[in-house]
Ligand code: ATP
Ligand code: MG
């Protein structure tokens, strides 16, 4: 990433507990549909909207799984910025930090339709609206709602009915997750004994 080029970069933030093919398909489809220079998958350090609602896997493990899920996929990369920033992860703060290093970059925030419906609950939402445009992708079970007050666009992807919740549940029930997430992620889940206790 050169600091003097006006690159267009998509940010796919999430908990990635665990990462799965849905995340990779979303990232790749948006990358190519909008001809972005890159899509960054950004695991949250503390996903503050989920803390206290369920047990969250340690951030380092989620980051490792996300890196190994992406591998060397063309145009995709994983950023550890939210772990480096520490504390609760707020996209607005993350974008400030990214923009400081890459002032000419145009940022897009990529969200599934479920996350799009909650955009107004995000930290510093009025500022965030000035920092990046929104890209919404369809997701099974979530009705698409146009994000009001945002500059946004919809990218239609083949519906992928895979979720972190579903994977955690399957692991806890001893059911297969093969082909729902890349093999290196499955290996980490097994060797770390993740999700055995339930979703
Ligand atoms: P969980 O069930 O734990 O919430 P998740 O599958 O929703 O896990 P997240 O890390 O919460 O994964 O999602 C990060 C982002 O990716 C969100 O914007 C979410 O809407 C989007 N996303 C995840 N899976 C899909 C999918 N299958 N189709 C479309 N968007 C998705
Ligand atoms: Mg989610």
- Message: For region 176-195, give me the residue count where each residue is within 16 Å of ligand 1 (Cβ to nearest atom) and either exposed (fewer than 15 other Cβ atoms within 10 Å of the Cβ) or free of Cβ contacts under 8 Å to residues at least 12 places away in the same chain (or both).
- Response: 2
- Item | Residue check for residue 162: more than 14 Å from residue 17 (Cα to Cα), touching a residue at least 60 places away in the same chain (Cβ under 8 Å), near ligand 1 (Cβ under 9 Å from one of its atoms) and under 17 Å from the mean Cα position of the chain (by Cα) | no
- Within region 30-37, can one find any residue that is away from ligand 2 (no atom under 16 Å from the Cβ) and over 24 Å from residue 101 (Cβ atoms)? yes
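Kindly provide the set of residues from region 10-39 that are farther than 16 Å from residue 137 by Cα and out of contact with any helix residue (DSSP H, G or I) (no Cβ under 6 Å at 6 or more places or on another chain), ordered by number.
The first filter runs over region 10-39 and keeps only residues farther than 16 Å from residue 137 by Cα, leaving 15-19, 37-38.
If the condition is that a residue be farther than 16 Å from residue 137 by Cα and out of contact with any helix residue (DSSP H, G or I) (no Cβ under 6 Å at 6 or more places or on another chain), then 15, 37, 38 are the ones that fit.
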- Task: Would you be able to say whether some residue in region 45-56 is surrounded by fewer than 20 Cβ atoms within 10 Å (Cβ to Cβ), modelled with pLDDT of 95 or more, within 16 Å of ligand 2 (Cβ to nearest atom) and part of a loop (DSSP other than H, G, I, E, B)?
- Result: yes
- Message: Tally up the residues in region 100-133 that are closer than 21 Å to residue 7 by Cα and within 15 Å of ligand 2 (Cβ to nearest atom), please.
- Response: 3
- Query: Which of the residues that make up region 107-152 are over 24 Å from residue 50 (Cβ atoms) and surrounded by 14 or more Cβ atoms within 10 Å (Cβ to Cβ)?
  - Reply: 133
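The values are calculated or read from the model by the stated rules, or taken from the named source; none is laboratory data. Computed from a prediction, not measured in an experiment: that's the story for all the values here. When we count neighbours, we look across all protein chains shown, and the Cβ atoms used for this are built from the backbone with ideal geometry, even at glycine.
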